[in-house]
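J.: Before I ask anything, let me first share the structure, which is written out below as structure tokens.
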Amino acid sequence: MAEREEGELKIRSHERKTKLEDYVIWIYGPPKIGKTTFGLQLFSGGLLVAAEKGYNGLDVEHVIDITSWEDMIALHEHLMTDAKDTYPGIIYDTVDKLQKYCQSWVCDHFGYTYPSEGEMGKGWAQISDEFRRIMAPLTQLPCGSLFVSHDTSEKNFSVKGFKSDKRVPDIGGGSGRLIRELVDLEMYATVEASLPAKAREKLREQDKEGSSSDEQSVEPELRRILVLQPSPYVEAGGRMRDLPVLCDLSASALRDAFAKSLKQSAPAADNSKAKRRRK
């Protein structure tokens, strides 16, 4: 990566990152679906920043329990100075709880019972500013970041004006907007239910024969998945090109999808480089 100076500004070229672990990723979904497990698969030897103690059934090499915003401030200072090259990745589990710790700290610090007591929305702005002050620099460390959130629903209006429930991360306001700014990929973890192949074939035969089908007696196959692309019903997507709509909920499946997307977009990138060289 070549750098050259113009005055006091450094202008440099940038090559697309080819390791998934170098990106800033956000995974959200219902409790106990495997979000923390996914993070530990993605960053082997990474640091689990546990604002919620949901790792009792997991083997974790490096973990720190965060029980207040003061803890998070101290960790920020440690990571930005003494330990910035120590871990291959950092998992923040969950950023929802970290935001609540931040809100409590700001209210105590400025003497609010609730953030709305700050005039002209000042309390909420102070929470957003403090959350940004601590969290944003951490995504610039020489390692990947994974933000973990629970999910909630919000009403979504389609083009024709129909209401539908949309799954979104359970962190709103300025803190939620900040995370959306920082991440390269946002993913929804969920469960997909489908009928087994033999059951589907049996139902098709029954339909052809005109006999009654007993679909409710068939046990569905459950598959844990990651939704990678946005829809009217799910908030997802990001800056990575050519990713599929969904993949299995595992770090290996996401790595495979990411590697395939790199191959698909490689010809376009090579053509762009060639055009720049000709200029």
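J.: Roughly how big is region 1-145's charge dipole about its Cα centre, with Cβ charges of +1 (Lys, Arg) and -1 (Asp, Glu), in debye to the nearest 20?
T.: About 500 debye.
J.: How would you rank GLU77, GLU52, GLU219, GLU130, going from fewest to most other Cβ atoms within 10 Å of each one's own Cβ?
T.: GLU219, GLU77, GLU52, GLU130
J.: Just the number, please: percent antiparallel of the DSSP beta bridges in region 20-265, rounded to the nearest 5.
T.: So the antiparallel bridges in region 20-265 amount to around 45 percent.
J.: Here's something else I'd like to know. Based only on other Cβ atoms within 10 Å, what is the fewest-to-most ordering of THR36, THR139?
T.: THR139, THR36
J.: From the C-alpha coordinates alone, can you work out the Kirkwood hydrodynamic radius of region 8-125, in Å?
T.: Across region 8-125, the inverse of the average 1/r is 16.7 Å.
J.: Could I have the simple spin-label model distance between ASP71 and SER261, label points 7 Å from Cα toward Cβ, reported in nm to one decimal?
T.: Those two pseudo-labels are separated by 3.2 nm.
J.: Okay, moving on. Residue farthest toward the positive end of the dipole of region 20-265, with Cβ of Lys/Arg at +1 and Asp/Glu at -1: which of LEU185, THR86, SER175?
T.: Most positive-ward Cα: LEU185.
J.: Which order results if ILE225, ILE25 are arranged by neighbouring Cβ count within 10 Å, fewest first?
T.: ILE225, ILE25
J.: Next question, about the same structure. Around ASP65, with a cut-off of 10 angstrom between Cβ atoms, what is the net charge of the other residues, counting Lys and Arg +1 and Asp and Glu -1?
T.: Result for the local shell: -1.
J.: Could you give the length gained on full extension between ILE64 and ASP248, defined as 0.36 nm per residue of separation minus the Cα-Cα distance, in nm?
T.: My answer for the length gained is 63.4 nm.
Each value in this text was obtained by applying a stated rule to the coordinates, not by laboratory testing. Being a predicted model, the structure only gives us computed values, none of them experimental. Note that each Cβ is placed from the backbone with ideal geometry, even for glycine, and that neighbours are counted across all protein chains shown.
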